[in-house]
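For reference, the structure is listed below as C-alpha cells.
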Amino acid sequence: MRLVIQGPALNQQHLQHIASLSRGGNAIQLDEQAYYLPVAARIDAVAAYCESHLIDCAFVPDEQTLNSFGLVVMDMDSTLISIECIDEIADMQGLKPQVAAITESAMRGEIEFAESLRRRVALLEGLEESALQRVYDERLRLNPGAEKLIATLKNFNIKTMLVSGGFTFFTERLKPRVSLDFAHANTLEVTNGKLTGRVLGDILDAQAKADFLISARDLLGLRPEQVIAIGDGANDLRMMSVAGVGVAYHAKPVVRAQATYSISYVGLDGVINLFS
C-alpha cells in the first residue's frame, strides 16, 4: 500500500520523521502539499503523529487508483461549496443564528435531517425568491480544489453526481457551471414570488442520498468498489456506507470516524492525491 500525506503545514522535517515511523521507502512528491511513501502496512503511530501536526494522512491500497473508479458522488453544502445555503438564505431574514444552530445539530447527527430541514425552511416563510439569487451571486463559492478535482475526474472518464439536502435552485446552477453529470436536491415551494416555508415532494434525506448513489451506480453498471462518496455531515453517512470508498471532507467527528479516508487540511483536489 501507499501512505499519502498532505497539508499546507507539511515540511521536510515531518517527511523524515514519518518515513522513519512508517519504515517506508523514499517520499515521492505528488504536488506542492502532498507526498506518498510505499509502506507494507498501516502504522497507528504515523496517523497519531500526522493528526498532532495538522497533516492529512491515508493508507491506501495500491489497487485503488483513479483508473479503478467510475463514479464520484458529492454532497453540496460545505463539501463542493464553502457555505450552507440555507443558513445564508436565513441571513436574508435576519435568522441565520437560529437556522445555523439547527443545521449544526443535524450535521452532528443530533436531529433527524428531514425534521431539521422542515424546521429551518419554515423559518423562511415570506422571503422573496430573489434572495436565493443573491445568495448564489454574492456568497456561494466553490471549495478550494473543486474545479481541479472535477476536471481530473472527467479526464479519467469518471462520472460525477451532486446529491444535496439543500435546494435545486443551487444544484441546477452548479451542474452546468462545473460540468457535473447528475444533480439531485430538494425543491423549495414558491408562491407569488415568495417562499412558503415548505419543501415540495419528498425530502431528500440521508436514505435518499444513498438511493440516488445506488441508482446511478447501477445505471452505469458499476460495482460498489468503483464508487467514491464525499461528504461532511451525518446526513452523508448512509451514502458513504454504500460506496466502496467514503471520504470525509473537513467533516464532523462522527463522519471522520466512519469514513474510509479523511481530508481536513487540504482542498478537494486532495482526493486526487489519494488515488494518484
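The values are calculated or read from the model by the stated rules, or taken from the named source; none is laboratory data. As the structure is a prediction and not an experimental result, all values here were calculated from the model. Here Cβ is always computed from backbone atoms with ideal geometry, including for glycine, and neighbour counts include all displayed protein chains.
Each residue in segment 59-109 was checked for being under 16 Å from the mean Cα position of the chain (by Cα), among the hydrophobic types (A, V, I, L, M, F, W, C) and under 30 Å from L219 (Cα atoms), and 9 of them qualify. Output yes when any residue across segment 260-274 is farther than 20 Å from A114 by Cβ and assigned by TED's automatic domain parsing to the domain that holds L123, and no when none is. There is no residue in segment 260-274 that is farther than 20 Å from A114 by Cβ and assigned by TED's automatic domain parsing to the domain that holds L123.
With respect to the conditions (1) assigned to a loop (DSSP other than H, G, I, E, B); (2) touching a strand residue (DSSP E or B) at 6+ places or on another chain (Cβ under 7 Å), M240 lacks only one, and its number is (1). Among the residues of segment 63-84, those identified as within 18 Å of I102 (Cβ to Cβ) and at pLDDT 95 or above are D75, M76, D77, S78, I83.
Scanning segment 81-102 for residues that are buried (at least 20 other Cβ atoms within 10 Å of the Cβ) and within 21 Å of E138 (Cα to Cα) yields I81, E84, C85, I86, D87, E88, I89, A90, V99. Take the residues in segment 204-215 that are part of a helix (DSSP H, G or I) and touching a Gly at 6+ places or on another chain (Cβ under 9 Å); name whichever of them is surrounded by the most Cβ atoms within 10 Å (Cβ to Cβ). Per the stated criteria, the residue is K209. Residues in segment 145-191 that are in a helix (DSSP H, G or I), of a type in the set (S, T, N, Q) and buried (at least 21 other Cβ atoms within 10 Å of the Cβ): T171 alone. For segment 216-234, give me each residue that is part of a helix (DSSP H, G or I) and at pLDDT 95 or above. Scanning segment 216-234 gives A216, R217, D218, L219, P224, E225, Q226.
For the condition of a type in the set (A, V, I, L, M, F, W, C), in contact (Cβ under 8 Å) with a residue 40 or more places away in the chain, within 16 Å of L149 (Cα to Cα) and crowded, with 24+ Cβ neighbours inside 10 Å, what is the one hit in L268, L274? Exactly one of L268, L274 is of a type in the set (A, V, I, L, M, F, W, C), in contact (Cβ under 8 Å) with a residue 40 or more places away in the chain, within 16 Å of L149 (Cα to Cα) and crowded, with 24+ Cβ neighbours inside 10 Å, namely L274.
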